[in-house]
Structures are given as structure tokens and as C-alpha cells.
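Report on the following structure.
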Amino acid sequence: MGSLLNFPFLAAVILAGIALYILIFKKNMIKFIMGIALLEASVNLFFVALGYREGGGAPIYTNSPAGIMVLPVPQALVLTSIVIGVSILALMLSMAIRTYRHTGNIDTEKSRRMKG
Amino acid sequence: MRFIVTSFIAFLAYLLLTTASGKVALWSSTEIIIGIVFALITGALFRNRFIGKNFRMLNPKRWFLLIVYLCGPFLWALAKANIEVVCLVITGKINPGILKISTGLENDLSITMLANSITLTPGTLSVEVSEENGDLYVHWINIKEEFLEKMPRDCKSVCGNFPDWIRRIAG
Amino acid sequence: MAIDIITYVFIAGGCFFNLMAVIGLHRFPDFYTRLHAGTKCTTFGSILLIIAVLIQSISIWVVEGGSSPQSILSLHAFIALIAILVTNPTGAHAIARAGHRSGVKPVKAIVDDLEKEDNA
Amino acid sequence: MNFLTSNSSILIIAIPLLAAFLVPLISKASAKGRNIFVVVVTVFVGILVAILAKDVYANGAHIYTLGAALPDITLPRGYIVPVRIILEVDGMSIFMGIVTAIVSLAAVVYSLSFMKRETGQDKFYTLFLLMMVGMFGLEFTGDLFNLFVFLEILSISGAALAAFRTRFGDTVEGGFKYLSISAIAALMVLFAIALLYAQYGLLNIGALAAVIQFTSLDKLALALMAIAFAIKLGAVPLHMWVPDTYTVAPASITIMLMAASQACLYALFRIGFTLYGGTTGTISMGWIVIILGVLSMFVGVTMAIPQTDIKRLMAYHSVSQIGYMLLGVGVGLAVLGDTAALNAYGRQAMSGGIFHIINYALYKGLLFLTAGALFYRLGTRDLNKMGGLARNMKFTTIFFIIGALAISGIPPFNGFASKFLIYESVYQFSPILSIIAMLVSIITLASFTKVFQAAFTGPALPQHKDVKEAPRSMLIGMGILAVVIIFFSLCPGLIVDNIVQPAVDALINQGAYINGIMGGGL
Amino acid sequence: MSKIVRTVANQLILFIFIFGLYIIIHGHITPGGGFQGGAVIASGAALMIVAFGSSRIQKGIKEKHLSILESSGAVIFIGLAFAGLAAAGVFFFNTLIGSPVFGHTPPTGPNPGDIWTGGIIPLMNVAVGLKVFAGLSAIILVMALASSGEEVEE
Amino acid sequence: MWVPAAIFLGVCVIVALVRVFLGPTTPDRIVGLDTINTIVVMIMVILGIAFKEVILIDVAIVYALLSFVTTLFIAKYIEKGKF
Amino acid sequence: MAAISLAFWNPVVCLVVFLVVIALIYLLRSRGEGGYKKGTEQTKAFLCGEELPEVEERHVKAHNLYWGFFQALKKYYDPTIKAHTGIVNDYVLWLTVITVIAAITFTLV
Amino acid sequence: MRNFVASLFLGIAIVFLVSSALLVHPFGEPPAPMDDYIIQNAQAETGANNVVAAVLFDYRGFDTLGEATILFTAVTGVVMLFRKKETAEK
Amino acid sequence: MLEIAALHIIVPVLLIVCAVFVARAKDLINAVLFLAAFSLLLSLEFYLLQAPDVAIAEAAIGAAITTAIFVVAIRATKREEE
């Protein structure tokens, strides 16, 4: 049970592995961007899971004797990270659209012009 | 007029969200002030969207009828529909088809209400709506055989007495 | 105690309808019929579950007195229900229309007026 | 004045940020006013950097706690760990700040004419200022997560600017590559931060450095962070985005991207020396840095020779030049635990590497700007289509000669000073490395001879008959860098003693950095 | 989309908007805040775009308006940070703590009703909410216009 | 009682996800996604009761309102509409 | 502190060397032929009496320089240039590989 | 060749990641020297019941500023990429 | 609390399944669908981890806006992955 309790961590790192698989093997630009989104999500999940405390409530003072709370700082960091992620996704997708207009293709191999 | 009505509805929605925050009849004074400010902003922004071309929805009688309709015939039809669908899920006997029905309703709101109602009620699902007149194309999961003969489809057997209710509410 | 039993009945009903919805997704042959299952049953299941929530929180409210936060809880659950009631059928309509326009035909359909209309 | 001194570290970050938010609004009113505004802000930031530098060199590290009652209260009352974000500017940070300030000043003046033909200039200047903010923030912050945030600002604005001239298809490709690589690298950094946070519950670099134990998770975090910054600065074999992106970006942005890679180099050193400085990981990390450095030097310069695109050639050279810095500082990192070796040659190697940072930024910036001037007048980057340009573009030619001689390490110029420090000290560490470094310098000279021959000398080509000299503001931008290069060439001893040595001390002296954070309670 | 979706969208946008404002202004006492509320309102904008088409939305609200809104939100935010510098000498100092405006310490509870708490946090929430709403809507609007073949005006 | 119900609904999500995976056409998959949306909103409401935290219900409201937008976007894509 | 001041490097020395070089250049230039004029027959290249080729052909193109060097180092250049594929996925692969190697190094050492 | 190398190193990377997940503190028991202070003092110091908001806008407000800046940057970048005329007429 | 632990296992497993499907889908619009489902379940997982702020943000941004921009981008490029 000991290692099974770490399951959210495990899930997060397995997600990172899947994202890396996409990033290495998938040549479609939009798929590639999805890989980055997955990587982002996995790191976020890892961060929030780090801050979980057994039996803790949300870090908001709602109950009069404030009980155990989960850690607030990872949540704040993840909020920042989520918005950063969507900014990166938007910019990359715009670049993919632009590439398609110039080359008629969004394959990273077929649309490339620079090498060597 | 539109502005006032939209603001008022926004204010009501805000009050619903912030219930039990204070002492002034369940709300605190700051919440009410902020609610008014927000309601004014919302009203200024969406007055042409929220209220259509006419004001017939402002009649409180229609609101009362809407609530009665939702709690009475609609809920009953919903329950019946679900039991029917559950039966179909278990038995697997279906007899589907897409039908065109004329509802005779004119304005957008009533067509929307009817379409959403029949989506949720016995065996029917609105697939397409005609942009010119209020004709609905309905996917029916279990068509009765005798229904197919008449070409101007009978609205009554598909949607029961919903059009009457809706005509009284929004028509 | 009786209130608890009523709550349990409603929860069981809600879970049953949700289960039927997802089973219906597999039993039915084409996507229009699946949409029937996926929309109607989940909506009704949600109504039952939220009624359970309302009963429970109102009972707590009555027991503990008016200042309990449970009242807000039931109100917010009710708002969620309204949101589901408005968005679910509209979404179903949008999906059905999109599916028909993208060329998915109803399986085993005995009549298709819209198809005739398009061809005419 | 006192107000400016005590708040200068935050003002250096906040004022360009405010200006960046204001640029779209001002730009609606007048385009000329916007240009003046941007230049004024850049100059003002330069002055602030000078004020801060004076303070730091006089009084030691500058601490600024954001949101506390007083800027130097780093720890909350009666508590042992810092809670708020703290800016900590020591000798190394301010050194990088000076580099950034000089480069951005040159770039903004150069851009005034260079971007005149483009639309969307308000976007350009907004992103430019944001890029400045990213670099200064990355260099000044003392908080790991804040470092990640500024890294992202830097990456996004840099990628958007690299793709600025969207009418050429390849610019978007370069921007996409840069952005993907940066995003993945930044996520690796974030994962490493998560691993550190999981063990110690802290985010401040100084506080973490005080308690770090080098467990296996710390080792993984170190690997992730080191390689993430290595790819951002373009060390071989992670350099492949560098030619693609540097080639397509507008010239003034190329030098900003170059300064950005310097900022990432700073982050790498900060991680290696300060965060992990007290652990045993410095030796292996030092060797990894040295190996990356030697590979960068060699592969970069050999890949540069066959190129026919002038900016691509220069981009490979910048990979090669980064190798020198990695080599110099890596030697220092490898011997960090060994005091005798550190005093015998490690310190000298580090000062060579760090001095090379500023030299590289200057002469490489000058070279990229001359390449941009050629592109501005000719409309092509292809060396095969150039020839005989020295007749028409006299100043550009002179600036190119200055830059080429400096990068090749020809004695009177500043490139020689830093390279000489590296050769001399690395020779004591390992003779082979030193010989490779000298060889690379010779090949660099050879390849710039090729550029000079192909572009500037030779018969006057008929299609370049009426090519004019570059516009005035571009010449001023190049002139700033050239004047600083000549100043550095004349008195390198002054620079090394007054600017580089404090930076080296700041890197080596981990205790002072930690003490700046942990000793500041009430 | 069809008439039904348009009608529902017209009704729903009001509630999404008011809900987003609720999330923004209660950011310091219930879950939510500037980002979440701004993102909710921006999703409302996305709903309008998908229901009516971006070219029709663009007649009402243009990208440059959103851009000005976003800039001003950012300026307000950094201005609040500078206010700390001006009032107390430290950037980002929470100047309003202890003052009668927004200076209270709230009672514990799910929605205590006392909005005058949190110092500059509610103001910052509003600024960030404005900014996030404008930014995300601008992104979606510009990308939707680009995908349907139209370009943004300079 | 509430948490087991949530787990049961979680199992329902698994079953629906199989349909999303199998669905021969894209509309089939959207139907599955729509079903999952509703069920997850219900899980959120139920867990809000189970944790006895009022504030958690807000998440469910947000999701109920916004999952609609997702559905509409994909539906508009497959009916080949212009955005 | 180890003394690292470049003591041999005096600005004055640099300036003096620079002036000397300038003086040398001036001297050489003054010793040149006085009758040189631009744009006349004098400046034309003399190629064994043959006709001069076109201007483009006279200019040695950039990619022709150091041709022998590349031929000699073909074994090095072919794989190196081939490794620069220009595909983003390969960049990520390189990143992963190097990170893994670094992680192994740190774990083992 | 590429696929083999990629799979090999991807596998090793996943091994490292999984080992890191197993080596982290047990799920639900984090060390929290910084967070404990914030949880105890946030309500009194900042006057916000929502501790996350207190962290976002007070203790780590600078991060939030940076993050707002990133969104601003991205919007500027997207608008810049889709601008209409790409060269001004001379 | 064993039941909560069960949810903590079910939801991450679903997340992994969704991610695998994202990787495998040839049709990009299906991949976007799985990404939307992934986002939804991630939001649920944040909810379970007692992070309502993050859950709201993920629901709003991850589900609505990310999907929207992906779909828009696929409309502007092409649907099939080769």
C-alpha cells in the first residue's frame, strides 16, 4: 500500500512520459503542441499533489475551528503555471497556422526550410 | 426599459449567488451595493441581447406559468421519457426516424423552449430547426406506425400539449 | 432517519439513471439514439441526485438553524442544476445538427424527412 | 537619490514593464512619441543599472524583499525561512545586468531605422521591452519559481519577436522551434522546482542552498535544471535551434536573443555555484559543463565554415563562443571544492570565462548588427550574392573589421584578453583543452576571413552599384558597441579588476549569498 | 449555429457574465479570483463567437478595444504595486491593510459578506480579471478571424 | 453514502470513456464527452456535500456552464461552419 | 585573492602600438607609385593578354572558399551536417538523451 | 535507428521519472516550513480568507505580475502574427 | 477515507487512459476531444486534491479556452495527421 498511496505522483510522471513520447515521435505540429499541453498538465498535477495533506480541507477559512489545510503555495504556483501554459499554447498554435499558410503543411519534417 | 429589465435580472442572479451573506434580509449591505453596480454594468452590456424585440416575457403571469410548467407537465414527461428510454436500453427494440413537425410558434424564445423541452421528453430529439418558419425536425426513437401516413405531421402526438403551454408562456 | 432513507433512495435512483445512460451509449446502434440516452438519462439522474442533496441539506438546515452554510450549499447546487437543464438539451441539439450536417445517417430509420428535404 | 539607490533593483524590472504596458496606449497617439519614449526608458534603465552597480560594488549584495514592511527584512518576524519573493543582486547579477543594459541600448537605437519598413511597430517595441524585463528579472531574482516566470517571459517574447517578419515563411519556423524548445526547457525547470519543493518546502535559492543535502532527488533536479538551461543557451549537442532562430530574427532581436542566452548562462552558473555549491555535485557538474563547452567550441566553429548564409554562419560562431565561457567557468566549477587549485588557476579561468561573456555580447552583437545592415540594404543574407560592398558601406565595413578581429582574438582587442586568461589557466588544468581552444580561435579567424572576402572585398558587382550606407540610427547602434569594444580593448585590466572579479567572488562565495537571505530577520 | 443555440447563448451570456463577476469580486473569500473569473467571462466571449460567428462579433467589439482594455488592466495592476512603493516604500506592499477601505480582517465563514477586506487584493483581482478577460477574448477572436480568412486590422 | 455514489459515478465515467474511444464517428465521441461532462458535474456536487464545503460547489457551476462551450466548438467544427 | 590584473596590458602601450602601425601604413602608402589613377587602364587586371571574365565570375563566391578543407574533412562533415536535421522532434530527442545521460552521471558519481 | 535510440532513452527517462515519484515524500504528508507560516498568518496579515488568494496577490504578488505579463506578451504575439499588411507602403 | 483513496486511484488512471488516446488518435479532432476529456478529469482531480481555485481555473481555461483555440487552429490548418 505504501507505494500505491503515491499514485497521483506516479500518474503525473507517467503522463510526462506519454507527453515525451508525443514530443519525440509525432511529427504533426498540432499533435506536438498537444504534447506540450500534456507535459504542462502533468507538471501541474505533480505540483498540486505535492501540496495535498491527508484529511486536509481547502486552504480557505470557512469552518470556525480551521482544521488541517492543504498547502496553499503549490496551488498558487499552479495557477500561475496554467495561465502561462495557455499563453504558450495560443502562440504556438498561431505559429502553426502561419506555417500552414506559408507551406501548406503542418508536418514538422515537410514544412521545414532550414537545416544543416 | 431593456436596460432596466436586464439589470434587474442580473441583480436577481447576483443575489441568488450571494444568499445568506449578511443581515439585511439574508444579504449584507456591501453585497447589495456591489450587486447593483454589477447589474448596471451587465445591463449596459447585454441589453440588446438578453431581451428580444418585445417585452412579453415581462408579464409575471407568464413567469408563474413557466414555473408551473417546469414543475408539472414537464417533470412528469421527463420522468416518463426516462423510464421509456431505460426500457429501450434494456430491451434494445428501437424504431427510429427523423420527422418534420410544424409547431405554429413564431418567436425564437418559444421555439427554443419547445425544442429543449422535446429534447428532454419522450423519445424525441430536435435535430434541425428551420430558420424561416418554426418547423422542427425531430429524431424520434420509437415511431408509431399509424403516425406515418399523414404528411403534415401531427404535432400533438409528438410533443403532447407542450406547444399550448409554451404559447401561453412565451408565445 | 426517514430523511436519510429518502435521500438514499434518490441517490440510488440518480446513480441508476446515470448507469443506464452510459449503458445506453453502448447498446444503441447509432449516434442519434445514443444521444437520447446520453442526454435524457443523465439529466434526469442529475435532477434526482440534486433533489437528494437538497433534502439532505435542508434537513441539516432545519436541525442546525438558519445560520448554517448548508443553505448556500443547496442554493448553489440548485444553480448547477439549472445550468445543466439549460445547457444539456441545447448541446444535444447542436451535436445532432452537426452530426446530421456532417453526413451521419440514422441507422435503421424508417423515415427521414430532413434527408428528403435536403435532396429536394 | 537615496530612494533610487534603495529601490533600484525593483525599478529596473518594473519601469520597463510599466512602459511595455503603456506602449500600446501611447502608440495610438503618435508613433514618433512612442519611439522617443522607448529610447528614454531604455536609457533610464541603463542609468538605474549604473546606480545599482555603484551600490553593489560599494556595499555588497543588494537585497529587496517584495511586499515586506522594509526591503531588507527577508525573514518574517520570529520565523526561520523566507516567505516572500526576494530579489538578491550580487556581483554576478549586476555584471549580467550591465551586459543586458548595454546590449538593449544598442539594439533599441538600431531598431529605430531597422524596423522602419515594418508594420506593427508598437507590438515590436512592447515585446522588446518585455524581453528586457525578462532578462533583468532572470538575473536579479533570488527565487526559483520567479526565475521560471521570467524565463517564460523571456522565451515567449523572444519567440514572438523572432517570428516578427511574418511575410517570410522561415521566420515563423524559427520562432516555433525556439518556442517549443523554450517551453519544454521551462517545464523541465518547473519539474525540478517541484522536486526541490517536495523535499524542503522552500523556493528561495539562498534558503534552499542552506539546507540542500544532495539526495537522489536533488541529483535529478540538478540534471533537469542544468540541461534545461544548457539547451536555452545553445550548448552542443543541444544547439540546433540556435542557427535556425538567430538567422531569421531581425538583427536587433538576434542580439537580444544572444543576451537572453547569456542570461540563461547566468542561471546555469547560479544553479551550479550557489544552489548546489556546497554539495559534492559540483565536480561532476563541472565536468559536464566542460565537456559541453569543448564540444560547443569545436562543433560550432567547424559547422560555421561551410555556411553561406551570413547570419547562420555567425549563429554557429556564437555557439562556438559560448563554449569558451562554459569551458572557463566549468573549470572553476570542477575545482570549486579544492581551494589550492581554485586559487592557482580556477579563479583565473572563471574570470576569463566571465569576462568573455561581456566581450562576446559586445563583438558578437556588433557582427550581427553589421549583418543586419547588409540585409537591410541588400535584401538578402546569402554570401554568394554579395561582393565588393566595402566601397559603398564604409562604416559598416570598419565595424565588421573591429568585430571580426575581436572575435578571432587578435591581440589588441578585448577578445584576446579574455581568451588569453582562459588559455593560460585551462592549460594548468588540462593542456589538451587549452590547445583545442586555441585551434578553435584560429578557425574562427579563417571563417571570418571568408566572410570578409566574400562580402566586402572583390570587384564591385553591378547589382550593388547604388547600395547606400546604412541609416544613421543603425550606425549609432553599432557605434555604441564599437566604442565599448575599443574601450575594453584599451584597458582590460581595469574591467577585470573592477567588474569581473566581484562577479567571480560572488559566484565562489556561496556563504555570502545565503547569509544575505538568512541573516536578514528582525 | 442554429436559432436555438443563438437564443440560448443570448440568455446564458448574462449569467456567465454575472457569475464571472461574482467569482472575481469574491476572489479573496471564496475560491476564484481574477484569473478564474476572467477566464469564465472569456469563455462567455468564446460562446458568443461560436454561436454568432467571429465576423459578426467583430462588428460590436474589435480587437483593438480589447487590447486597450488589456493594457489598462495591466497598468492598474502594476499601478497598485507602485502604490505600495509610493505609500510605504516597498514595491507590492499591501497598503490598504488596516485602513477603513478594504482593511478589515474577515470573519471565518463560507461567505461572510464583508467585502471590505483583503487590502489591495480585491482591487488587484478586478484588474487581473479585466486583463485576463480581455487577453483571452482577444486571443480567441483573433484566431477565429484568422481561421475564417479575415485578418486583424493594424 | 455520498462518496460511494461518487465512486459509482466514476465507474460510469469509465464506461462512457470506452464509448468515446470506440465511437466510430466523431459525433459519437462527442456524445460520450457530453455524457462525461454531466456526470463529472454531478460528482463534483456530490463531493461538495461529502466534504461539507459550500465553496466547492462553485467549481461544479463553472463546469456546468462552460462544458457547453467545448461541445459547441467541436460541433461547429464537424458541421464545417466558419468560426 | 589571486592577482589577475593584466599588468602587461597597458592602454598606453596599445595606443603607441596603434600609432606605430598607422605610421607604418602611412609610410608604405607614401612610397607607392604616384601616377596611380582610379578608373583608367591601370586598374585593369592583366590575365596573360586574355579577355577579362564577367564581374560575377571574377568574384570568388563564398561557397568556393576552403573547398579543400571540406574535402579533407569529409568524414567529419558528412555525419555532422546530417545530424542537423532541422526537425523539432529531433531537438527534443537530443534534449531527452542528454538529460538522461546527465542524470545517470549525477546518480553514479 | 532513430526509433531504437529514442525508445531506449525514453524508457530510461521514464524509469528516472517513476523513481523520482516513488522517492518523494509519501502522498499526503508534505514538509511545509513556508506554508505553515502562511496558513497561520494569512488571515491576520492580509485580511483574506482565501489563503491561495493571499499567496497569489500578497506573498507572491510578483509572480502574479509576471504571469499577467506573460498573458500580455502572448496576446501581443498572437495579434502581431496575424496583422494585416506586413510592410508599410513607402 | 478509503473511498477517497479509491477516487484518487480511479481518476488518475482515467487521466492516463485519456493521455494515451491523445497520443494514439490519428484524427486531430478526436485528439482534441480526448484532450478536453483529459482537462475535465484533471479538473476533477484538482477538486479531489482540495484545490478549488486550481480546479476552477483548469475548468475555465483547460476545458473551454484551450479546446476552443485548438479547434480553431485545426479549422485553419488540416484535420488529418499523416
- Item | Positions within region D:172-225 being within 14 Å of chain G (Cβ to nearest Cβ) and of a type in the set (V, I, T), in sequence order | D:V172, D:I181, D:I184, D:V189, D:I212, D:T215
- Query: Within the bounds of region F:32-44, is there any residue that is of a type in the set (S, T, Y), at pLDDT below 85 and in contact with a helix residue (DSSP H, G or I) (Cβ under 7 Å, 6 or more places away or on another chain)?
  - Reply: no
- Query: What number of residues within region F:49-65 are more than 7 Å from chain C (Cβ to nearest Cβ) and either open to solvent by 10 Å² or more (accessible area, probe 1.4 Å) or closer than 26 Å to C:E64 by Cα (or both)?
  - Reply: 7
- Considering only residues that are open to solvent by less than 40 Å² (accessible area, probe 1.4 Å), at pLDDT 80 or above and of a type in the set (V, I, T), look in region C:79-120 and name the one that is nearest to the chain's Cα centre (by Cα). C:I84
- Within region B:109-135, track down each residue that is under 16 Å from B:A170 (Cβ atoms), open to solvent by 20 Å² or more (accessible area, probe 1.4 Å) and not polar (S, T, N, Q). B:L109, B:M113
- Note on the structure: Among (1) of a type in the set (A, V, I, L, M, F, W, C); (2) facing chain F (nearest Cβ under 10 Å); (3) under 19 Å from B:T119 (Cα atoms), C:F16 falls short only on (3)
- Message: Based on this model, can you work out whether I:A23 counts as among the small types (G, A, S), in a helix (DSSP H, G or I), within 9 Å of chain A (Cβ to nearest Cβ) and open to solvent by 10 Å² or more (accessible area, probe 1.4 Å)?
- Response: no
- Taking region D:300-327 and keeping residues assigned to a loop (DSSP other than H, G, I, E, B) and modelled with pLDDT of 90 or more leaves none
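Sort out which residues of region D:472-481 are surrounded by fewer than 23 Cβ atoms within 10 Å (Cβ to Cβ) and under 16 Å from D:T397 (Cβ atoms), and write them in order of number.
D:L475, D:G479, listed by residue number.
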- For A:F25: the one exception among (1) farther than 18 Å from H:D63 by Cβ; (2) facing chain D (nearest Cβ under 10 Å); (3) among the aromatic types (F, W, Y): (2)
- Message: Let me confirm something: among E:A74, E:A88, E:A127, which residue is more than 15 Å from the chain's Cα centre (by Cα), under 22 Å from D:L17 (Cα atoms) and either modelled with pLDDT under 80 or more than 14 Å from chain B (Cβ to nearest Cβ) (or both)?
- Response: E:A88
- By residue number, the members of region D:127-146 that are in contact with a Ser or Thr (Cβ under 7 Å, 6 or more places away or on another chain) and over 16 Å from D:I12 (Cα atoms) are D:L127
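Which of the following residues is surrounded by 10 or more Cβ atoms within 10 Å (Cβ to Cβ), over 23 Å from the mean Cα position of the chain (by Cα) and β-branched (V, I, T): G:I81, G:I22?
G:I22
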- Item | Selected residue (only one of E:T95, E:T108 is open to solvent by 20 Å² or more (accessible area, probe 1.4 Å), among the hydroxyl-bearing types (S, T, Y) and within 20 Å of D:I73 (Cβ to Cβ)) | E:T95
- If you go through region F:2-9 one residue at a time, do you hit one that is in contact (Cβ under 8 Å) with a residue 24 or more places away in the chain and closer than 22 Å to C:R34 by Cβ? yes
- Item | Residues being open to solvent by 10 Å² or more (accessible area, probe 1.4 Å) and out of contact with any Gly (no Cβ under 7 Å at 6 or more places or on another chain) - total across region A:42-56 | 1
- Among the residues of region H:18-42, how many are facing chain A (nearest Cβ under 9 Å) and either touching a residue at least 24 places away in the same chain (Cβ under 8 Å) or touching a Gly at 6+ places or on another chain (Cβ under 6 Å) (or both)? 2
- Counting only helices (runs of 4 or more DSSP H) wholly inside chain F, the ones holding at least 2 residues that are of a type in the set (D, E, K, R) are F:26-51, F:57-78
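Residue by residue, here is whether (1) part of a helix (DSSP H, G or I); (2) open to solvent by less than 10 Å² (accessible area, probe 1.4 Å); (3) without any contact (Cβ under 8 Å) to a residue 24 or more places away in the chain; (4) charged (D, E, K, R) holds:
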position: I:E3; (1), (2), (3), (4): yes, no, yes, yes
position: I:N30; (1), (2), (3), (4): yes, no, yes, no
position: I:L41; (1), (2), (3), (4): yes, yes, no, no
position: I:A60; (1), (2), (3), (4): yes, yes, yes, no
position: I:I65; (1), (2), (3), (4): yes, yes, yes, no
position: I:I74; (1), (2), (3), (4): yes, yes, no, no
- Which residues, counting only those in region A:35-67, are touching a helix residue (DSSP H, G or I) at 6+ places or on another chain (Cβ under 6 Å) and more than 7 Å from every other protein chain (Cβ to nearest Cβ)? A:G35, A:S42, A:N44
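The values are calculated or read from the model by the stated rules, or taken from the named source; none is laboratory data. Model, not experiment: these values are computed from the prediction. Heads up, the Cβs are rebuilt from the backbone with ideal geometry, glycines too, and the neighbour counts pull from every protein chain shown. The accessibility values were calculated without ligands, DNA or RNA, using every heavy atom of the protein model including side chains. Shrake-Rupley method; radii C 1.70, N 1.55, O 1.52, S 1.80 Å.
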